[in-house]
Amino acid sequence: MLAILEKIVEGKGEDGDIELLLELADTISATALCGLGKTAPNPVVSTIRSFRDEYEAHIYEKRCPAGSCQKLKKIVIDENLCKGCSKCSRTCPVTAISGKVKEPFTIDQTKCIKCGACIATCPFHAIKEV
Amino acid sequence: MGNKEYMIIDGIPVEINGEKNLLELIRKVGIKLPTFCYHSELSVYGACRMCMVETERGSLEAACSTPPRAGMEIKTNTERLRKYRKNILELLLANHCRDCTTCNNNGKCKLQDLAMRFNIQNVRFPNTAAEPKVDDSSPSITRDTNKCILCGDCVRMCNEIQNVGAIDFAHRGSKMTISTSFDAPIAQSPCVGCGQCAVVCPTGAIVVKDNTAEVWKALDDKNTKVTVQIAPAVRVGLGKELGLSDGENAMGKIVAALRRMGFDEIYDTSTGADLTVLEESNELLKRLEEGKQDMPLFTSCCPAWVRYCEKNYPELLPHVSTCRSPMQMFAAIIKEESKNSSRKAVHVAVMPCTAKKFEATRDEFKVNGIPNVDYVITTQELIQMIKESGIVFSELEPESIDMPFGTMTGAGVIFGVTGGVTEAVLRRIASDKSNTGLMSIAYKGVRGMEGVKETTIMYGDREVRIAIVSGLKNASDLIERIKEGEHYDFVEVMACPGGCINGGGQPFVPYEARVMRGKGLYSADKLCNIKRSEENPLMMSLYNGILKGRVHELLHVEYASKNQEG
């Protein structure tokens, strides 16, 4: 179950994963030897029951509504707010941000590790998580 | 005792007859409920969850750990149960090696079998099977912990029945494995090589070490003379796998098959057992007459027992008979005889036993560094070789063994079953040599599959107390009793429950079939012209020939090296 959940939060969830989780949870709570085993899947079952839409957002839209799944986060620079000061690109630990001074900068999403350092340094609040 | 109690299984009323759990009752009515972790002789573990049944209230119970109650209604095959069983199998397969075709246990694997039964065609979970982690340090068994499904059968066998305790669970949760202490190679553990763990292992996690390639090589080599001896228990152990019935004596067919495969001379270990009977009886009588303190005398036929004694009760070694096992006695003689041949002598032993593989490598049984028994193959490996060679076993015409060592007695044949050694020795030392006397020995309590048997016979005016144990736990319990002061004169120990017929190298069969193997040996004994070892005409010629002046050198052994690995 953990493996499937991790798959989902990494944005690799597939159609049918929720059903598979529920089926597994049912199997485990029905057949486990001890009470601990029988209740182990409960957190998963109750989160699916209450927040199914969030699961679906992860799987189908590859989006994390709560913004806590790092792999599903995306950090972007708002072209309209960016003044091209280059402060962010100097702060970025993996040199994922590039651009010409006085023109809007861009973030290379393949390099970005979602650390958020650029968000904190930007004096114009032009960088946001989406 | 009042009314009979009934319960309902799948809509059919079934009488409860003292079964200890639902599983037994369900199987009795002809439903093959799947299990991994249940063996009737081991304690109930309830880990595999395959035997779940649904009660009338819709709750689920594990059939192996629920006693039958009068009036209970259960269903064994509902949509829910089938779904759960499939899920469990899928989960097991998700982190199990799926290279079935190259697995040593291919075709004998319970996981494979159940996956087929439940029609698993796709595993929906990511494959998390780790690379094989093979431990082949032991000459007897090979372990691959990554094929383990953690049913715990081997652990319970090793601890409960054999009292060896070489392996146990280590770590917790998803990191759990079966391990020796400190994950040392099995050869450095208290393992005695009995192979009972491999018998109960449902997968390929513990298998018998495979030596067939070496034997084929020797057979293909024109410059070798390959002699072979076949242990008593083999003849009743392999038939089932090759199209005969449980416990059917297939000796003649085995000889025919071996001859076709290219073995030059084929002998019966029962002949070696006759030598053992003579030597061991002499030793017993000598000790009885001298009134030495080294009583009781323990038998030494079983290499796993000898190993167990060395590792756990080294102080008892003087009590263990100095006789070599029948295999080693016979091998010494055959090797001696083969010296006259111009070709290189290779001696193979077909045994029901994995510990024999270790025994063959012991320094005590090497002459100038060359072992008397070059290769030991188990019954399972023989079956494999017969299948590989394409011989249709069931259609073979039985053939007889070779000369000059081709005469054996019934006393030698029954060595393969618990109590057999004792019975053979009793036949030798009994004063009443009539037929009635012979038959009465059989009813002295030496026969039967019980783990502990006791009997008393008169030798002259002396009472001789005899104990027969099989299963090393029974042996150690008896030793504790002896240490507390109980007196026995002669103790037969076989490491495997029921004796060699249930050795670690035999194909796994349910309890009823094991009883049939014992019966098979006793009826083979009935068919033998000669019942007593001392009447074997070959013995006379051996003692006047090869053995003259060399009895001690060729037939006896002092186990010295306690710390040898294995």
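The values are calculated or read from the model by the stated rules, or taken from the named source; none is laboratory data. Everything quoted here is computed from the prediction, not taken from an experiment. A quick note on method: Cβ atoms are made from the backbone with ideal geometry, for glycine too, and the neighbour counts reach across all protein chains shown. Accessible surface is based on the protein model in full, side chains and every heavy atom, while ligands, DNA and RNA are left aside. Shrake-Rupley method; radii C 1.70, N 1.55, O 1.52, S 1.80 Å.
If only one of A:LYS83, A:LYS111, A:LYS100, A:LYS73 is touching a strand residue (DSSP E or B) at 6+ places or on another chain (Cβ under 8 Å) and open to solvent by 30 Å² or more (accessible area, probe 1.4 Å), which one is it?
A:LYS73
Consider A:LEU22 carefully, then state whether it is surrounded by 15 or more Cβ atoms within 10 Å (Cβ to Cβ) and under 30 Å from B:GLU54 (Cα atoms).
When the stated conditions are applied, A:LEU22 passes them.
Cβ-Cβ distance below 9 Å, separation of 6 or more or different chains: which pairs start in segment A:1-24 with a residue that is free of Cβ contacts under 8 Å to residues at least 12 places away in the same chain and end on one that is assigned to a helix (DSSP H, G or I) and open to solvent by 20 Å² or more (accessible area, probe 1.4 Å)?
A:LEU2/B:SER174; A:LYS12/A:GLU6; A:LYS12/A:LYS71; A:GLU23/B:LYS83
Of all residues being of a type in the set (Asp, Glu) and more than 20 Å from B:ALA524 (Cα to Cα) in segment B:219-247, which is modelled with the highest pLDDT? Just the residue, please.
B:ASP220
Give, as residue ranges, the helices (runs of 4 or more DSSP H) completely inside segment B:229-293 that count at least 2 residues that are without any contact (Cβ under 8 Å) to a residue 12 or more places away in the chain.
Counting at least 2 such residues, we get B:269-290.
Specify the residue that is farthest from the chain's Cα centre (by Cα); the eligible residues are those in segment B:336-369 that are polar (S, T, N, Q) and more than 22 Å from B:TYR543 (Cα to Cα).
Top of the filtered list is B:SER342.
Okay, residues lined up against (1) open to solvent by 40 Å² or more (accessible area, probe 1.4 Å); (2) in the same structural domain as B:VAL417 (by TED's automatic domain parsing); (3) part of a loop (DSSP other than H, G, I, E, B):
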position	(1), (2), (3)
B:GLY448	no, yes, yes
B:LYS453	no, yes, no
B:MET458	yes, yes, no
B:ILE466	no, yes, no
B:ARG517	no, yes, no
B:ASP525	no, yes, no
B:ASN529	yes, yes, yes
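Would you confirm whether or not segment B:165-175 contains a residue that is in contact with a strand residue (DSSP E or B) (Cβ under 8 Å, 6 or more places away or on another chain), without any contact (Cβ under 8 Å) to a residue 12 or more places away in the chain and open to solvent by 60 Å² or more (accessible area, probe 1.4 Å)?
yes
Considering only segment B:17-59, state which residues are basic (Lys, Arg) and more than 14 Å from every other protein chain (Cβ to nearest Cβ).
Once the filter is applied, which keeps residues that are basic (Lys, Arg) and more than 14 Å from every other protein chain (Cβ to nearest Cβ), segment B:17-59 yields B:LYS20, B:ARG27, B:LYS28, B:LYS32.
For the subset of segment A:1-31 comprising residues that are more than 21 Å from A:ARG63 (Cα to Cα), hydrophobic (A, V, I, L, M, F, W, C) and more than 9 Å from chain B (Cβ to nearest Cβ), which member is nearest to the chain's Cα centre (by Cα)?
Per the criteria, the residue is A:LEU22.
Kindly indicate the residue of segment B:76-117 that is outside any helix (DSSP H, G or I) and within 14 Å of another protein chain (Cβ to nearest Cβ) and also farthest from B:THR212 (Cα to Cα) among those meeting that condition.
B:THR78
One line per residue, one yes/no per condition, for (1) among the β-branched types (Val, Ile, Thr); (2) open to solvent by 80 Å² or more (accessible area, probe 1.4 Å):
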| residue | (1), (2) |
| --- | --- |
| B:ASN87 | no, no |
| B:GLU90 | no, no |
| B:LEU93 | no, no |
| B:ASP99 | no, yes |
| B:THR102 | yes, yes |
| B:GLY107 | no, no |
| B:GLN112 | no, no |
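Any residue in segment A:39-57 that is within 14 Å of another protein chain (Cβ to nearest Cβ) and either open to solvent by less than 50 Å² (accessible area, probe 1.4 Å) or over 14 Å from B:PHE125 (Cβ atoms) (or both)?
yes
I'd like the full set of residues that are open to solvent by 20 Å² or more (accessible area, probe 1.4 Å), part of a loop (DSSP other than H, G, I, E, B), in contact with a Lys or Arg (Cβ under 9 Å, 6 or more places away or on another chain) and aliphatic (A, V, I, L, M), limited to segment B:28-66.
B:VAL44
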